[in-house]
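The values are calculated or read from the model by the stated rules, or taken from the named source; none is laboratory data. All figures in this text were calculated on a predicted structure; none of them were measured in a lab. Here the Cβ is made from the backbone with ideal geometry for all residues, glycine too, and neighbour counts use every protein chain on show. Quick note on the areas: whole protein, heavy atoms, side chains included, nothing else; ligands and nucleic acids left out. Shrake-Rupley method; radii C 1.70, N 1.55, O 1.52, S 1.80 Å.
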Amino acid sequence: IEDLRKFFGLTSFQYRPELAKLKIAVIDNGFEGFESGKKQLPESAELISAYPKEMVTQFNLGDPDYVQAPLPTEHGKMMAQIVWGITGANPQGPKFYLLNANGITNFRRAVRFAIEQKVDLILYSQNRECCGNFDGGGFINAIVNQATQSGIVWINAAGNYGGHVFNSAIQSMGSDNRVVFVKANELRLRSRLDENKAQIIMAWGANGPEEDSGTDQDLDLYVYDENNRQVAKSELKQVLKKDSLAEGETYLAREKISYEFSKNQNGYYKIIVKAKNRNFNYSNNVRVVVIPERPPIQDPEKQKMVDAIEFMDATQGGEVMVPADNPNVITVGDVSPFSAQGPTLDGRVKPEIILENSMASFSNGQSSSGT
């Protein structure tokens, strides 16, 4: 820990009693393995998996009886331990709240809980590929703004989206309603491995200010293999706000595919976008994000780490997702090629802070890398 603090120039900041009074909320999907009293964090650390019904009712945060447990991931616990190590790993503090944010309902509740506890700082080391219009707006960012407007400092990871994002306006639509983008005629993928799972998420600038505002702009997403056979699709129907959603309908301007790719032999996988209607114009921006499940692998020819699935037509920049694109949060990236780069659609520089090295190693042999 001392070597790490020295690397970041923190050894001149010694422990002071007021550090124990600092309140830090780590908002995350999961804190698997955390046990109070095991010296993983200060004894004052609290894990909040379900939120007080009185608070949920008071602030209209959904059905008070609705509970969604955290995911079985250690990510949130590790983020808290990194912060504790950086501050000197003092048993006295800071005071940590580990807040379950698995799902949008829990995210809303976590932010409100942090506000009610008057925390000083929120760390959110995750992002969402939807629910905004690439300019720091949207309903997720509106939730974040409740915290920042109350005086909380919000620290957000830039996200590990470098080389995984395509941004473009729509140029035209063919007779079969296939979308032609300004920056590419087609979007190509190359899988370097077999049994190579990835998510493909498409979002476009039609998200309203509320979660259920809805949109009548309807795009669909398709994947074709190198033999030009359709192998995956997402055809949700985008609708405007109404009393209830029917099966296959959504309020979000988003389509999502999960697919297991095979190693490319002769050509490329292709991503095709089609429009259900023609109410799009040049002001409409579309973002396609490809997220491989496997970590980067070593390329023996290039002698460097490369993505398990290469997004051939990824555009440079504009990779910062929600809520890292929020103008009221401090966004942190690193110098690796996998760290998301700005600017935002409205021209703001993101991230605000770049780390030379973001690798953190733990005494149990685990490590954490990325923004």
For the chain, longest principal axis from Cα atoms; helix 104-116 axis from its Cα atoms; angle between them, nearest 10 degrees, is 30 degrees
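Counting only protein heavy atoms and a 1.4 Å probe, tell me what percentage of the chain's accessible area is made up of carbon and sulfur.
Heavy-atom surface of the chain belonging to carbon and sulfur, 1.4 Å probe: 48 percent.
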Could you give the semi-axes, largest first, of the ellipsoid that matches segment 173-217, computed as the square roots of 5 times the alpha carbon gyration tensor eigenvalues and rounded to whole Å?
-> 27, 19, 9
What is the dipole size for the chain, taken about its Cα centre, with +1 at each Lys and Arg Cβ and -1 at each Asp and Glu Cβ, in debye to the nearest 20?
-> 380 debye
Mind listing P(r) for the chain? All alpha-carbon pairs, 20 Å bins, whole percents.
-> 26, 57, 17, 0
Backbone N under 20 Å from the residue 305 label point (7 Å along Cα→Cβ), restricted to segment 344-366 = 351, 353-366
Based on alpha-carbon positions alone, could you give the equivalent ellipsoid semi-axes of segment 1-79 from the gyration tensor, as √(5λ), descending, whole Å?
-> 32, 16, 12
Computed, not fitted: 222 nm per-residue ellipticity of the chain from DSSP H runs ≥ 4 (each -39500 (n - 2.57)), nearest 500, equal to -3500 deg cm²/dmol
Log entry: pair-distance distribution for segment 95-165, C-alpha pairs binned every 5 Å from zero, whole % per bin is 3, 14, 27, 28, 17, 7, 3, 1
Calculated on alpha-carbon atoms, Rg and Dmax of segment 301-371 in Å = 14.4, 43
Label-to-label distance, nm, for residues given as residue 335 and residue 18 (7 Å Cα→Cβ offset) = 3.3 nm
Excluding ligands, DNA and RNA, what is the solvent-accessible area per residue of segment 283-371 at a probe of 1.4 Å, expressed in Å²?
-> 51 Å²
Zone residues, segment 30-74, relative to residue 104, backbone N less than 13 Å from point 7 Å out along Cα-to-Cβ = 62
In debye, nearest 20, what is the charge dipole magnitude of segment 175-293 about its Cα centre with +1 on Lys and Arg Cβ and -1 on Asp and Glu Cβ, if you could check?
-> 540 debye
Return the FRET efficiency for the residue pair residue 354, residue 175: r is the Cβ-Cβ distance, R0 is 56 Å, and the value is rounded to the nearest 0.05.
-> 0.75
Output the peptides 86-96, 348-358, 59-69 sorted from most to least packed, where packing is the average of other Cβ atoms within 10 Å over each peptide's residues.
-> 86-96, 348-358, 59-69
